[in-house]
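Nothing in this text is a laboratory measurement; each read-out follows from the coordinates by a stated rule. This one's a predicted model, so the numbers in the text were calculated from it and none came from an experiment. Note that each Cβ is placed from the backbone with ideal geometry, even for glycine, and that neighbours are counted across all protein chains shown.
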């Protein structure tokens with residue numbers, strides 16, 4: 001067997017196997033369609049429908065992923081980001097978020113069509129190959145079938161003799177080759193079919209653009225405000241302090257000959273002023289990019305925050321590697337703000353902080369044992385975090401029933417880089 | 001006294017070398033990166049090392065990592081760590097082995113020559129030198145601790161100075177009181193915090209830091 005032929009056959013064989021996996025997905029789609037139908041007509045439809053729809057999304061996302069991996073057809077996910085889902089009306093917001101997303105309805109259409117068209121395209125190569133193998137097996141199996149009283153046809157050949165069986169085997173070999181040949185094409189067709197139903201529509205893209213424009217404006221505003229604050233802090237703090245040091249030193253210079261005692265006092269003052277200026281610079285840098293975050297990454301930086309908090313904070317971290325620097329920074333300041341909020345308003349003594357990276361997102365959950373009743377009002381710290389996380393398509397959800405406990409859950413989609421220490425320029 | 005110095009800023013390295021040599025210390029090695037530091041610490045075994053936290057090649061906490069690694073090989077190797085920032089997390093890691101001979105100071109303390117040299121000598125003798133900024137943050141974090149709240153203001157001041165690693169004599173001088181009074185305050189503090197009394201200065205400091213670091 002020549003090597004190009006072997007490679008071709010292997011491609012066909014693998015494609016047929018992948019088709020079978022996709023066929024399995026279609027069976028899952030049937031199962032989900034039935035579940036959804038039952039959920040809709042059940043008494044508890046209000047509670048049951050959202051999780052079922054989310055399960056459909058997961059299945060659709062699997063189909064998107066496989067189309068990319070197996071046929072090279074890239075299908076972006078069209079869903080609206082889940083923004084502003086905290087607060088007391090959280091549940092209804094989730095409903096509107098699901099129902100108003102056109103992608104939800106296109107998912108459902110796909111759920112109905114995929115078990116027919118998708119399953120056919122996916123299963124065809126494997127079925128053809130299986131039929132071919134049955135033909136190849138004819139020289140062995142025709143006798144038992146006829147003995148059992150079966151009417152044994154293979155294609156248009158009535159197999160009732162060893163000679164006819166050999167003829168069927170030759171035909172079967174051809175059918176196997178046909179199955180191998182159509183495998184890759186069938187996968188591609190399946191992927192294109194999936195794309196026609198699961199890719200974002202122009203309307204969804206327009207909505208996405210609106211969201212990005214909005215969050216970009218927020219990000220730019222926040223950054224400008226941050227720069228103004230830094231400028232003000234420098235101007236009123238370290239800069240003024242250094243001017244004072246200079247003035248004190250020149251006063252000391254003039255007194256050097258006449259009054260050494262006064263010079264000593266002035267030099268002491270100058271040193272104190274320089275220490276104060278250094279302290280202010282330190283605080284400023286901590287507010288821009290905390291040193292532990294630069295040194296160790298988000299996990300240890302959050303542990304350091306916990307050590308500095310007045311509350312008892314239990315931290316568990318599961319982030320193997322480093323996150324993109326901008327996400328690390330946003331997450332760090334978000335956690336810092338949430339902890340300050342908890343210390344100020346909740347009356348809590350204990351906080352549990354859970355930080356983990358799973359699949360493709362960073363999830364941070366902060367729970368306190370305070371009095372609850374927190375809300376994401378306009379202009380509050382939580383609202384600010386929500387807007388800042390939205391720049392990264394991140395979300396913040398709050399549950400805070402009266403009497404507590406309060407849980408803040410933040411999620412930011414991001415990839416993990418290798419656990420190596422990243423090089424950074426020297427700032428010390 | 002033989003010193004290994006690690007500082008990547010050439011000006012600061014030379015300045016500190018001059019300062020230490022002018023006060024009778026011998027700088028046996030002055031290195032500018034973490035790899036050389038670890039080698040100098042383990043092979044030359046100085047009486048004390050003065051180490052900058054942030055060093056090449058990674059410009060993160062290279063100096064701290066080298067110091068911790070060296071102390072894992074040579075328990076109790078005296079190390080005074082200097083940094084532009086003090087972090088409780090790092091203070092905790094340095095103190096974790098309980099072996100003593102640890103200092104952790106803000107870099108600008110070097111400008112108060114006497115205090116800096118005192119810290120170097122204290123660490124070399126197996127004592128502790130924690131930056132006042134570390135201690136004040138530790139105390140702020142423990143603000144709600146009931147036994148601590150029972151301390152008088154004076155006892156509170158003594159506790160803070162003791163946690164920095166200062167001797168009774170130094171505390172007495174700083175607070176302008178007699179050494180006997182300091183001893184009495186310390187006995188009271190240990191009783192109120194329910195810590196076992198100890199004659200050794202070093203063990204006493206460690207007991208207090210362990211209490212605050214719970």
Would any residue of the range A:268-296 have its amide N under 16 Å from a label point 7 Å out along Cα→Cβ of residue A:240? List them or say none. A:273-281, A:284
Inter-centroid distance (Cα atoms) of the range B:132-195 relative to the range A:9-49, Å: 68 Å
Could you tell me the relative contact order of the range A:1-136? Use alpha-carbon pairs under 8 Å, at least six residues apart, and round to a whole percent. 39 percent
Within the range A:213-239, name every residue whose backbone N is under 13 Å away from a label modeled 7 Å from Cα of residue A:288 along the Cβ vector. A:226-235, A:238-239
For chain B, calculated [θ]222 nm from helices alone, where every DSSP H run of n ≥ 4 adds -39500 (n - 2.57): -16000 deg cm²/dmol
If one takes the longest principal axis of the Cα atoms in chain A, at what angle in degrees, from 0 to 90 and to the nearest 10, does the Cα axis of helix A:3-41 lie? 70 degrees
Jot down the per residue volume, in cubic angstrom and as a whole number, of the convex hull over the alpha-carbon atoms of the range A:150-287. 258 Å³
With no solvent and one point per C-alpha, what does the Debye sum give as log10 I(q)/I(0) for the range A:1-50 at q = 0.17 Å⁻¹? -0.63
Run the simple label-point estimate for residue A:54 and residue B:9 please: 7 Å along Cα→C-beta, distance reported in nm. 5.1 nm
Taking every DSSP beta bridge that has both residues in the protein assembly as shown, what percent is antiparallel when rounded to the nearest 5? 45 percent
Note the direction-averaged projected area, equal to a quarter of the hull surface, for the Cα convex hull of chain B, in nm². 11.3 nm²
Over chain A, what relative contact order in percent results from Cα pairs under 8 Å that are six or more residues apart? 15 percent
Taking chain B as a Gaussian network, Cα atoms linked when under 10 Å apart, which of B:79, B:182, B:51 shows the biggest mean-square fluctuation? B:182
Plugging the Cβ-Cβ distance of residue A:271 and residue A:105 into 1/(1 + (r/R0)^6) at R0 = 51 Å yields, to the nearest 0.05, a FRET efficiency of 0.10
Roughly how many Å is it from the Cα centre of the range B:1-37 to that of the range A:334-364, as a whole number? 42 Å
Take the Cα pairs of the range A:192-259, get the Kirkwood Rh, then feed it into Stokes-Einstein at 37 °C and 0.692 mPa s and tell me D in µm²/s. 189 µm²/s
With an 8 Å Cα cut-off and a minimum separation of 6 or more residues, compute the relative contact order for the range A:262-344 in percent. 27 percent
Three principal axis lengths of the range B:101-214 [C-alpha, angstrom, descending]: 36, 30, 24
Between residue A:42 and residue A:146, take the C-beta separation as r, use R0 = 56 Å, and let me know the FRET efficiency to the nearest 0.05. 0.60
Against the 2.2 N^0.38 Å rule of thumb, the C-alpha Rg of the protein assembly as shown sits at a ratio of 1.38
Taking the Cα atoms of the range A:230-337, what is the range of coordinates along each of the three principal axes, in descending order and whole Å? 66, 28, 21
Assuming R0 = 30 Å, what is the FRET efficiency of residue A:206 and residue A:399, from their Cβ-Cβ distance, to the nearest 0.05? 0.40
For the range A:290-346, diffusion coefficient by Stokes-Einstein and Kirkwood Rh (Cα), 4 °C, 1.567 mPa s, µm²/s: 111 µm²/s
Sequence of A:259, B:114 once ranked by neighbouring C-beta atoms within 10 Å, starting from the fewest: B:114, A:259
Across the residues of A:284-290, average count of Cβ atoms on other protein chains within 10 Å? 1
Ranked from fewest to most other Cβ atoms within 10 Å of their own Cβ, A:117, B:189 fall in the order A:117, B:189
Given 25 °C and 0.890 mPa s, how large is the Stokes-Einstein diffusion coefficient of the range B:29-105 in µm²/s, with Rh as the Kirkwood radius over Cα pairs? 202 µm²/s
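I need the Kirkwood Rh of the range A:303-404: take the reciprocal of the average 1/r across all distinct C-alpha pairs and report it in angstrom.
Evaluated over the range A:303-404, this radius sits at 14.1 Å.
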Counting partner chain Cβ atoms within 10 Å of every residue's Cβ in B:82-89, what's the average? 6
Listed residues A:397, A:168, A:204, most fluctuating in chain A (Gaussian network, C-alpha, under 10 Å): A:168
Within 10 Å of each Cβ in A:291-298, how many Cβ atoms from other chains are there, averaged over the peptide? 5
I'd like the orientation of helix B:132-141 relative to chain B: the angle between its Cα long axis and the longest Cα principal axis, in ° from 0 to 90, rounded to 10. 50 degrees
Quick check on the range A:85-242: what are the equivalent-ellipsoid semi-axes from the Cα gyration tensor, as sqrt(5λ), descending, whole Å? 68, 20, 13
Note the full-extension length gain between residue A:130 and residue A:112 as 0.36 nm times their separation in residues minus their Cα-Cα distance, in nm to one decimal. 3.8 nm
For chain A, set up a Gaussian network in which alpha carbons nearer than 10 Å are linked by springs, and say which option among A:290, A:144, A:320 fluctuates the most. A:144
What distance in nm lies between label points placed 7 Å from Cα along the C-beta direction at residue A:11 and residue B:18? 7.4 nm
Residue B:175 paired with residue A:255, simple spin-label distance in nm, labels 7 Å along Cα-to-beta-carbon: 3.2 nm
Run the helix sum for chain A: -39,500 (n - 2.57) per DSSP H stretch of 4+ residues, divided by residue count, reported at 222 nm to the nearest 500 deg cm²/dmol. -22000 deg cm²/dmol
